[in-house]
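The values are calculated or read from the model by the stated rules, or taken from the named source; none is laboratory data. Because the structure is predicted, anything quoted here is derived from the model rather than measured. Reconstructed Cβ throughout: ideal geometry from the backbone, glycine too, with neighbour counts over all protein chains shown.
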Amino acid sequence: MPQSVLEYVDVDHCLPLEKIASLLVRLSRGRAKEEGDYPVSEEMEYEAKIAGLDPSAVESAAPPGDLSLFSCPECAGPLYELLGTCS
């Protein structure tokens, strides 16, 4: 699997096992990127608003995606498919 990742993914770091811990410590002490540094699709923004109970998304008349074949096991409410995943 690691070789496959190196072949198909643009990786940030590739280290021998004994150097990974020190890199993780260094990275964890660094400053996180600011909001907006990562490109996010409109669908993901909308899903984040729903998850955060943002009134503009929760009270919207439009459904958040395509109705799925599943319902919530707790309340039996509808589940919608967003970006190929159910939410």
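Here are the numbers for the structure shown:
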| quantity | calculated |
| --- | --- |
| Residue in the stretch 60-72 that is aromatic (F, W, Y), in a helix (DSSP H, G or I) and more than 30 Å from H13 (Cβ to Cβ) present | no |
| Residues located in the stretch 41-52, provided they are at pLDDT 80 or above and in a loop (DSSP other than H, G, I, E, B) | G52 |
| Per-region count, the stretch 1-40, residues surrounded by 10 or more Cβ atoms within 10 Å (Cβ to Cβ) and modelled with pLDDT under 80 | 1 |
| Hits in the stretch 53-76 - residues which are among the small types (G, A, S), within 20 Å of the chain's Cα centre (by Cα) and under 17 Å from E42 (Cα atoms) | A57, G65 |
| Search result, residues across the stretch 47-56 that are within 15 Å of L79 (Cα to Cα) and surrounded by 12 or more Cβ atoms within 10 Å (Cβ to Cβ) | E47, I50 |
